[in-house]
Amino acid sequence: MKRKFIMFILTTILAIYVLGCSKAIKTNDSTVNNSSPNKEIVVSIKGEPAKGFDPAFDWPGLGEALFQSKLIVFDKDMNLVNDLATERILREDGKKLTIKLRDDVFCSDGVKLTASDVVFTFNKVRETTSYIDLSNVKEVIAINDTTVDFILNHADSTFEYTLTRIAIIPEHAYSENYGQNPIGSGPYKFVEWKKGEKLIVEANPLYYGKKPNIDKVTFLYLDLDASFAGARRGEIDIARVSMDYNTQEIPGYTKRNIETMDIVSISLPTVKRGTYEMDGVPIGNNITSDVAIRRALSYGMDREGICTNALNGAARPVYSHNPDMPWDNETNIIKNADIETAKQILKDGGWEDKDGDGIVEKEGVKAQFTLLYTPGEVERQAVVLGAQESARKIGIQIDLVSKPWDEIALEKGIYREAYLFGKGADSPFEIYTNFSSDRIANYNTNSPSYGNEITDDYLNRAINTTNQQEALELWKKAQWDGKHGVNSLGDSPFVPMVAFHHTFFIRDGVDIGDFRPAPHRGAYWITVENIKDWVKK
């Protein structure tokens, strides 16, 4: 009864819009309609931002910013399209990108958004966040109110992808508490945030783009079981639920599995223990450093079985961190659970079961290693258990160890043992950060400590070209060029496993449209990326 009362309050609280940004007050002719039951939606969602709704602290990851706008964004077909930008001009040497801005952008408080706000945002992001690599940005300059220049140290074919991650902060509204009460030029304005409970937003009447169909949205921060229960009681319009409910039905709701790029992948150290050190701690692994072990694991994984059985069909098998992306290499896809090939790879690499215990050995050393994973998500536990079973079938023993992330990080665990990583991005730059040798032992995403001169050459050329088609071909060659690469045919520093679906129960009459594949760091909020197009009948 208490929950129903709370939900009643939630669904009746939302109808105004908070404020935002400028040097001139503006009213908008196309204001939203007065709120009605068909103009309000209640959504359950994961991914409450710990530091609030501040782009300086990686809000919203790779998803929809709601309160702020971005220079450029993706459409649902993964094309880069202008948002605040009207024109993008790249100098021939690739070291300067000029962006022309719309002149009709006002924040929700009526203050105009200008190029100086873009400069402020990028300087602030560079100060505060480690999630976005802006090391190549030499300077950001406001030429006038509607023109901004990005000066780069060197050409970077992925820079425009980076721009899709950063929402623009209005400088005049910024303070240390900005994330608790954000103002911006996005399609919605902030109304209320009760941490751990709910977020309420209302349509921004000053928004320059397509006006949202929904006047008010209440986001409930519920665990996935509570979300399912709320939908069953009819209290939630769009309910994100766990894979456990993928076989369930709710009268009056449609179940929908949305494909994502929310990938989990097993990182395997490629060097022997002690090859490198981090803070005096020797890193590497004496078992996974053998390429035959890594390749055999990749071939032997029963990804399809894990998706169908362990994950109730709420995932799809993947063979790279960028499936179906323009830069994906078609040779990444291999036969599922190819035990015969996996065993042959091990045999050719000198690994054999000489004592009949089911575990192969080489020079008296068993093919046995630890796979670390973080607790708390049943989906990840299902994947590591499936990986353990698949490995056992080809003669490799994986010992599963669950530890909190802080403990793993302190022990440099991801560089010393196998680790189940979250992967999947909407930029090919992830290929560079995962496999470039300049990322070895420097607290970056090359946790396998992988280095290969041929791969490095492809990666560096892909970054530095100003020709996007050439860059795509080079990204593909880094994965496999016919002789060398990082996929299962080559060195296999990672074993990509599955991409989780996001399962929703959606009230009949509510249409949330289609989405681009949600990347790992934006998987929760990517669902609202097309929020302006949502309809409730």
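The values are calculated or read from the model by the stated rules, or taken from the named source; none is laboratory data. What you are looking at is a predicted structure, and each value in this text was computed from that prediction instead of being measured. Positions of Cβ are generated from backbone atoms using ideal geometry, with glycine treated the same way; all protein chains shown enter the neighbour counts. Heads up: the accessible areas ignore ligands, DNA and RNA and are worked out on the full protein's heavy atoms, side chains in. Shrake-Rupley method; radii C 1.70, N 1.55, O 1.52, S 1.80 Å.
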Identify all residues within the range 494-508 that are modelled with pLDDT of 95 or more and either open to solvent by 20 Å² or more (accessible area, probe 1.4 Å) or charged (D, E, K, R) (or both); write none if there are none. Arg507, Asp508
When the range 69-97 is checked residue by residue, the ones that are part of a strand (DSSP E or B), among the aliphatic types (A, V, I, L, M) and open to solvent by 10 Å² or more (accessible area, probe 1.4 Å) are Val73, Leu80, Val81, Ile89, Leu90
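Taking the criterion of being within 22 Å of the chain's Cα centre (by Cα), modelled with pLDDT of 95 or more and crowded, with 17+ Cβ neighbours inside 10 Å, would at least one residue in the range 146-157 satisfy it? Walk me through how you get there before you give the answer.
Pass one, the range 146-157, residues within 22 Å of the chain's Cα centre (by Cα): 156-157.
Narrowing further to those that are modelled with pLDDT of 95 or more: 156-157.
Retained after the next criterion (residues that are crowded, with 17+ Cβ neighbours inside 10 Å): 156-157.
Yes: the range 146-157 contains one or more residues that are within 22 Å of the chain's Cα centre (by Cα), modelled with pLDDT of 95 or more and crowded, with 17+ Cβ neighbours inside 10 Å.
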Which ones in the range 355-403 are at pLDDT 95 or above, open to solvent by 60 Å² or more (accessible area, probe 1.4 Å) and of a type in the set (Val, Ile, Thr)? Val365
Among the residues of the range 471-487, are any buried (at least 21 other Cβ atoms within 10 Å of the Cβ), over 22 Å from the mean Cα position of the chain (by Cα) and not in a helix (DSSP H, G or I)? yes
Would you check if Gly313 is free of Cβ contacts under 8 Å to residues at least 60 places away in the same chain, surrounded by fewer than 21 Cβ atoms within 10 Å (Cβ to Cβ) and in the same structural domain as Tyr450 (by the TED database)? no
Search the range 316-351 for residues being in a helix (DSSP H, G or I) and free of Cβ contacts under 8 Å to residues at least 24 places away in the same chain, and hand back the single one that is surrounded by the fewest Cβ atoms within 10 Å (Cβ to Cβ). Glu330
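Residue by residue, here is whether (1) modelled with pLDDT under 85; (2) surrounded by fewer than 23 Cβ atoms within 10 Å (Cβ to Cβ) holds:
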{"residue": "Asn34", "(1), (2)": "yes, yes"}
{"residue": "Ser44", "(1), (2)": "no, no"}
{"residue": "Ala50", "(1), (2)": "yes, yes"}
{"residue": "Pro55", "(1), (2)": "no, no"}
{"residue": "Pro60", "(1), (2)": "yes, no"}
{"residue": "Glu64", "(1), (2)": "yes, no"}
{"residue": "Phe67", "(1), (2)": "no, no"}
Single residue of Ser449, Ser437 found to be under 23 Å from Asn285 (Cβ atoms) and surrounded by 20 or more Cβ atoms within 10 Å (Cβ to Cβ): Ser449
Name the pairs: first residue in the range 263-286 and basic (Lys, Arg), second residue part of a loop (DSSP other than H, G, I, E, B) and surrounded by fewer than 24 Cβ atoms within 10 Å (Cβ to Cβ), Cβ to Cβ under 9 Å, at least 6 apart or on different chains? Lys272/Gly284; Lys272/Asn285; Lys272/Asn286; Lys272/Ser289; Arg273/Gly284; Arg273/Asn285; Arg273/Asn286; Arg273/Ser289
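From Pro317, Pro269, Pro282, grab the single residue that is in contact with a Cys (Cβ under 9 Å, 6 or more places away or on another chain) and modelled with pLDDT of 95 or more. Break it down into steps so the answer makes sense when it comes.
On the way: Pro269 fails: in contact with a Cys (Cβ under 9 Å, 6 or more places away or on another chain); Pro282 fails: in contact with a Cys (Cβ under 9 Å, 6 or more places away or on another chain).
When all the criteria are applied, what remains is Pro317.
Each row is one residue, and each column tells you yes or no for (1) small (Gly, Ala, Ser); (2) out of contact with any Ser or Thr (no Cβ under 8 Å at 6 or more places or on another chain); (3) under 24 Å from Arg516 (Cα atoms); (4) surrounded by fewer than 21 Cβ atoms within 10 Å (Cβ to Cβ).
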| residue | (1), (2), (3), (4) |
| --- | --- |
| Asn213 | no, yes, yes, yes |
| Val217 | no, yes, yes, no |
| Ala229 | yes, yes, no, yes |
| Arg233 | no, yes, no, yes |
| Ala239 | yes, no, yes, no |
| Asp244 | no, yes, no, yes |
| Gln248 | no, yes, no, yes |
| Pro251 | no, yes, no, yes |
| Thr254 | no, yes, yes, yes |
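Restricted to the range 415-425, and to residues that are more than 18 Å from Asn285 (Cβ to Cβ) and open to solvent by 10 Å² or more (accessible area, probe 1.4 Å), which residue is nearest to the chain's Cα centre (by Cα)?
To start, the set of residues in the range 415-425 that are more than 18 Å from Asn285 (Cβ to Cβ) comprises 422-425.
Narrowing further to those that are open to solvent by 10 Å² or more (accessible area, probe 1.4 Å): 422, 425.
Working: Gly422: 8, Ala425: 5 Å.
Here the answer is Ala425.
Based on what the data block shows, is Asp491 farther than 26 Å from Ile166 by Cα, surrounded by 21 or more Cβ atoms within 10 Å (Cβ to Cβ) and over 24 Å from the mean Cα position of the chain (by Cα)? Step through it out loud before you land on a result.
On the way: farther than 26 Å from Ile166 by Cα: yes; surrounded by 21 or more Cβ atoms within 10 Å (Cβ to Cβ): yes; over 24 Å from the mean Cα position of the chain (by Cα): yes.
So Asp491 passes the test.
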